[in-house]
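Read the structure below first, then the notes.
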Amino acid sequence: MADSNDLVAIDMELSSPDRKEHLVKTANGFISVAIFGDPDKPALITYPDLALNYMSCFQGLFLCPEAFSLLLHNFCIYHINPPGHELGAAAVSYDDPALSVDDLADQVAEVLDHFGLGAVMCLGVTAGAYVLTLFAIKYRRRVIGLILVSPLCKTPSWSEWLFNKEVRGGSIVPDSDTVQSCRKSLGDMQSHNVLRFLQALNGRSDITEGLKRLQCRSLIFVGENSPFHLESLQMTSKLDRRFSALIEVGRCGSLVTEEQPEAMLMGLEYFLMGYGVYRAWEVNISPRSPLSPTSMCAELYKAESMGLKLKPIKTRLHPNQKGIY
């Protein structure tokens, strides 16, 4: 992986000249949204982890040519930054009321309303995965699929303290390019803005029971060395096993999108096949065709050769559905 300074310096606009930055007014203040691609295509919403923005959290994934061709060819990407996490953001006023995770989920709905979006695909990492999962529980008809990386679903625990220690560095976990990049991203942000998001996250509730009410398919990635590995397994056990899958990535921590983005490609590809989405050079589908999911593809569970450990989950189709095998 490149030096952390290089990671921050790369401008994703080089890969997508159609990038547009928006400040969207919500009931709880303004949030920054970066849009890549054709707005006539189906929408993919992203939400980064704590103290990261879309550049520092998703750049590794979107700079993979295969991921670029798969996602940018088929979706318009809406990168939502947590309040005050965008590059160059000013400090949020201390007089502004504290946020809750419900406020953050409601902000996602307000972003969709602002851009006139209907049902969307969601991609979130850890804290962002929690926000988007809560959004999917509260607004079930507005989410067609969840792609979650090292997600949270329970109340805060000591594992998060250990995760914070890992990011700060110490004797337990040696520095890595990813850790250094996270530190630099944190150093570039207004500390009060980060603390505000952290306080909202620390006040979160257990949403495991709500997972049973989800009406969309879910794909979970988690690194073997992630402090949230066990929580991701627990979350998977609560999801409808007919329409969910777990991919464990070896030799990887929580931030799979940056540490090993190439390990996500096969899982993403087969997951999205269930929605009729393919790489640009394989099948040319109409960008306006609705994403109507069929089933979890059986090939998703045959990727051991890529160093992935997959948890096989049986699928069952409705009588009028056909699988992709």
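Taking the condition within 22 Å of R204 (Cβ to Cβ) and among the hydroxyl-bearing types (S, T, Y), does S100 pass? Before the answer, list the steps.
Values: within 22 Å of R204 (Cβ to Cβ): yes; among the hydroxyl-bearing types (S, T, Y): yes.
When the stated conditions are applied, S100 passes them.
The set of residues in segment 234-271 that are more than 17 Å from I137 (Cβ to Cβ) and either without any contact (Cβ under 8 Å) to a residue 24 or more places away in the chain or among the β-branched types (V, I, T) (or both) comprises I247, V249, V256, T257. Is it true that some residue in segment 54-71 is on the phi > 0 side of the Ramachandran plot, touching a Cys at 6+ places or on another chain (Cβ under 8 Å) and crowded, with 21+ Cβ neighbours inside 10 Å? For segment 54-71, residues on the phi > 0 side of the Ramachandran plot, touching a Cys at 6+ places or on another chain (Cβ under 8 Å) and crowded, with 21+ Cβ neighbours inside 10 Å: absent. Within segment 20-43, residues that are among the basic types (K, R) reach partners that are crowded, with 17+ Cβ neighbours inside 10 Å and assigned to a loop (DSSP other than H, G, I, E, B) with beta carbons closer than 8 Å, at six or more positions or on different chains, in the pairs K41/F75. Looking at segment 163-264, the helices (runs of 4 or more DSSP H) lying wholly inside it that each contain 2 or more residues that are at pLDDT below 90 sit at 177-187, 191-202.
L23 falls short on exactly one of the conditions (1) in a helix (DSSP H, G or I); (2) at pLDDT 90 or above; (3) farther than 28 Å from G276 by Cα, and that condition is (1).
The C-beta contact set for segment 69-98 (first residue modelled with pLDDT under 90, second residue among the β-branched types (V, I, T), distance under 6 angstrom, 6+ apart or interchain) comprises G84/V92.
Residues in segment 82-116 that are closer than 24 Å to R141 by Cα, in a loop (DSSP other than H, G, I, E, B) and under 18 Å from the mean Cα position of the chain (by Cα): how many?
Of the residues in segment 82-116, the ones closer than 24 Å to R141 by Cα are 82, 100-116.
When the remaining residues are screened for being in a loop (DSSP other than H, G, I, E, B), the result is 82, 100, 115-116.
With the extra rule that they be under 18 Å from the mean Cα position of the chain (by Cα), the set shrinks to 82.
Total meeting the criteria: 1.
Of all the criteria given as (1) within 20 Å of C153 (Cβ to Cβ); (2) part of a helix (DSSP H, G or I); (3) touching a Lys or Arg at 6+ places or on another chain (Cβ under 9 Å), the one not satisfied by E66 is (1). Among the residues examined, L300 qualifies as more than 16 Å from the chain's Cα centre (by Cα) and at pLDDT below 95.
The values are calculated or read from the model by the stated rules, or taken from the named source; none is laboratory data. Nothing here was measured: the structure is a model prediction, and the numbers come from that model. No Cβ is skipped: glycine too gets one built from the backbone with ideal geometry, and neighbour counts run over all protein chains shown.
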